[in-house]
Amino acid sequence: MSIDFSAKRLSYEKGELDETCLPNEPYPLLQRWINEALDTYQGEAYAFALATCGADNKPSVRTLLMREIITRDDEIALVFYSNYDSEKGQDLAENPNAEALFFWASLEQQIRLTGKVDRLSREQSARYFHTRPIDSQLGAWVSQPQSGVVASRSAMNEKFNQLAKQYQNCNIPLPDFWGGYQLTVDKIEFWQGRANRMHDRIVYQKVDHHWQIKRLLP
């Protein structure tokens with residue numbers, strides 16, 4: 001049995017990337033695309049795919065939620081939060097190089113951001129953790145070890161209820177195994193779908209603290 005998509009076709013005709021109109025640095029374009037996605041995309045426009053590869057050289061990818069994009073001086077950093085003991089956490093401990101991908105189908109756009117990932121301080125992680133809904137804070141404790149095998153959904157619910165009772169009248173502590181990451185970007189590719197699969201691909205790459213711009217073949 002097979003599922004054949006070879007006859008499916010869409011023509012991408014919603015936008016273009018013209019080198020004569022591009023900024024010298026990627027921040028303005030990144031900000032414009034993110035803001036347009038937040039305003040028009042039907043869904044969580046801040047969702048992204050994170051690709052990692054640990055010491056076993058086996059790539060792994062999953063969808064996360066971006067919580068902050070920081071621009072300062074010549075630096076762009078993406079902030080997200082996760083379980084340090086998860087598969088992604090283990091990969092990043094072994095190999096801090098990673099890539100993030102935003103894709104907005106309705107805008108026919110995607111952005112790839114490549115760089116090195118570091119942990120945030122415990123203080124930064126705690127500040128964010130305590131802004132989360134109470135149930136989400138409890139969920140972080142239930143998920144340990146994330147991706148580990150669990151007997152049943154009932155077992156998860158039972159642990160959640162136990163924790164809710166335990167912390168009913170007090171603050172939920174930040175788990176030692178949970179916190180923030182920062183991906184410091186050294187390369188960004190902006191992809192704009194175009195007709196006839198002649199897509200626009202513009203790459204900004206940091207070389208000696210300066211951004212170089214190149215066009216790639218589709």
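The values are calculated or read from the model by the stated rules, or taken from the named source; none is laboratory data. Quick caveat, the model's predicted, so the values are computed rather than measured. Note that each Cβ is placed from the backbone with ideal geometry, even for glycine, and that neighbours are counted across all protein chains shown. Areas reflect the complete protein model, heavy atoms only, side chains present, ligands, DNA and RNA absent. Shrake-Rupley method; radii C 1.70, N 1.55, O 1.52, S 1.80 Å.
Just the residues that are farther than 14 Å from TYR81 by Cβ and under 18 Å from the mean Cα position of the chain (by Cα), please, taken from region 108-146.
Answer for region 108-146, where residues must be farther than 14 Å from TYR81 by Cβ and under 18 Å from the mean Cα position of the chain (by Cα): GLN109, GLN110, ILE111, ARG112, LEU113, THR114, GLY115, LYS116.
Could you give me the residue pairs with C-beta distances under 9 Å whose first residue belongs to region 1-30 and is within 30 Å of ILE76 (Cβ to Cβ), whose second residue is of a type in the set (A, V, I, L, M, F, W, C) and exposed (fewer than 12 other Cβ atoms within 10 Å of the Cβ) wherever it lies, and which are 6+ apart or on separate chains?
Correct list of pairs: TYR12/ALA195; GLU13/ALA195.
Any idea how many residues of region 119-132 are touching a helix residue (DSSP H, G or I) at 6+ places or on another chain (Cβ under 9 Å) and either open to solvent by 70 Å² or more (accessible area, probe 1.4 Å) or on the phi > 0 side of the Ramachandran plot (or both)?
Total satisfying the criteria: 2.
Taking the residues in region 203-218 that are among the β-branched types (Val, Ile, Thr) and under 14 Å from THR114 (Cα atoms) as candidates, determine which candidate is least open to solvent (accessible area, probe 1.4 Å).
Among those that are among the β-branched types (Val, Ile, Thr) and under 14 Å from THR114 (Cα atoms), it is VAL203.
So how many residues does region 91-103 have that are farther than 24 Å from ALA126 by Cβ and surrounded by fewer than 20 Cβ atoms within 10 Å (Cβ to Cβ)?
So the answer is 5.
Between residues in region 137-154 that are in contact (Cβ under 8 Å) with a residue 40 or more places away in the chain and residues that are charged (D, E, K, R), which pairs lie under 7 Å by C-beta distance while being six or more apart or on different chains?
Qualifying pairs under 7 Å: GLN144/ASP85; PRO145/ASP85; GLN146/ASP85; SER147/GLU87.
Could you say whether any residue in region 117-130 is touching a residue at least 40 places away in the same chain (Cβ under 8 Å), in contact with a Pro (Cβ under 8 Å, 6 or more places away or on another chain) and closer than 25 Å to ALA37 by Cβ?
Checked region 117-130: at least one residue is touching a residue at least 40 places away in the same chain (Cβ under 8 Å), in contact with a Pro (Cβ under 8 Å, 6 or more places away or on another chain) and closer than 25 Å to ALA37 by Cβ.
Looking at region 142-157, which of its residues are open to solvent by 60 Å² or more (accessible area, probe 1.4 Å) and more than 18 Å from LEU65 (Cβ to Cβ)?
Answer for region 142-157, where residues must be open to solvent by 60 Å² or more (accessible area, probe 1.4 Å) and more than 18 Å from LEU65 (Cβ to Cβ): PRO145, VAL149, VAL150, ALA151, ARG153, SER154, MET156, ASN157.
Name the residues in region 181-202 that are more than 16 Å from PHE103 (Cα to Cα) and either touching an Asp or Glu at 6+ places or on another chain (Cβ under 6 Å) or open to solvent by 60 Å² or more (accessible area, probe 1.4 Å) (or both), would you?
Those that are more than 16 Å from PHE103 (Cα to Cα) and either touching an Asp or Glu at 6+ places or on another chain (Cβ under 6 Å) or open to solvent by 60 Å² or more (accessible area, probe 1.4 Å) (or both): GLN182, ASP186, LYS187, ALA195, ASN196, ARG197, MET198.
May I ask you to list the residues in region 157-187 that are touching a Phe, Trp or Tyr at 6+ places or on another chain (Cβ under 8 Å) and of a type outside the set (D, E, K, R)?
Of everything in region 157-187, those that are touching a Phe, Trp or Tyr at 6+ places or on another chain (Cβ under 8 Å) and of a type outside the set (D, E, K, R) turn out to be LEU163, ILE172, LEU174, PRO175, PHE177, TRP178, GLY179, GLY180, TYR181, LEU183.
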